[in-house]
1. Residue 48 to residue 64: extension gain in nm, 0.36 nm per residue of separation minus the Cα-Cα distance?
2. Name the long-range amide H neighbours of residue 51: under 5 Å, sequence gap of 5 or more, or other chain; modelled H, no Pro or chain starts.
3. Starting from the chain, pick out the trypsin sites (Lys or Arg not before Pro) whose DSSP state is loop and whose Cβ has at most 15 other Cβ atoms within 10 Å.
4. Provide the net charge surrounding residue 12, with neighbours chosen by a C-beta distance below 15 Å and charges set as Lys +1, Arg +1, Asp -1, Glu -1.
5. Could you do me a favour and compute the accessible area per residue for the chain, 1.4 Å probe, result in Å²?
6. Expressed as a whole percentage, what fraction of the accessible surface of region 1-47 belongs to carbon and sulfur atoms when a 1.4 Å probe is rolled over the protein heavy atoms?
7. Let me spell out the model: positive unit charges on the Cβ of Lys and Arg, negative unit charges on the Cβ of Asp and Glu, origin at the Cα centre of the chain. What dipole size does that give, in debye rounded to 20?
Amino acid sequence: MPVIQITVVEGRDSERIEACIRDVARVVSDTLDAPLPSIRVMVNEVPANRFAVGARLKSDPAPETAA
């Protein structure tokens, strides 16, 4: 039974998340030759102030770029 966990920053609409779940389940089923009913996909949505790339939170304002 494959179990897939996806973590994303909050903000995407439900329809996109649901489409992702379905697509991932189908791809895993096809590539691993696993029955679709055995696939488990979980999406964890994380607030932007709880997700960082390096020391920069996703909730931080975008850095200004030099013109």
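The values are calculated or read from the model by the stated rules, or taken from the named source; none is laboratory data. Keep in mind it's a predicted model, so treat the numbers as computed, not measured. We place every Cβ from the backbone using ideal geometry, glycine too, and count neighbours over all the protein chains shown. The protein model used for the area step is the full one, side chains on, heavy atoms only, and it has no ligands, DNA or RNA in it. Shrake-Rupley method; radii C 1.70, N 1.55, O 1.52, S 1.80 Å.
1. Full extension from residue 48 to residue 64 adds 3.8 nm.
2. Here 58, 59 satisfy the definition.
3. Working: sites: 12, 16, 22, 26, 40, 50, 56, 58; in loops: 12, 58.
Here the trypsin sites (Lys or Arg not before Pro) that fit, given the DSSP loop and packing criteria, are 12, 58.
4. Neighbourhood net charge equals -3.
5. Values: 5320 Å² over 67 residues.
Computed with neighbouring chains in place, this is 79 Å² per residue.
6. Answer for region 1-47 is 51 percent, counting heavy atoms of protein chains only.
7. Using Cβ point charges on Lys, Arg, Asp and Glu, the chain gives about 160 debye.
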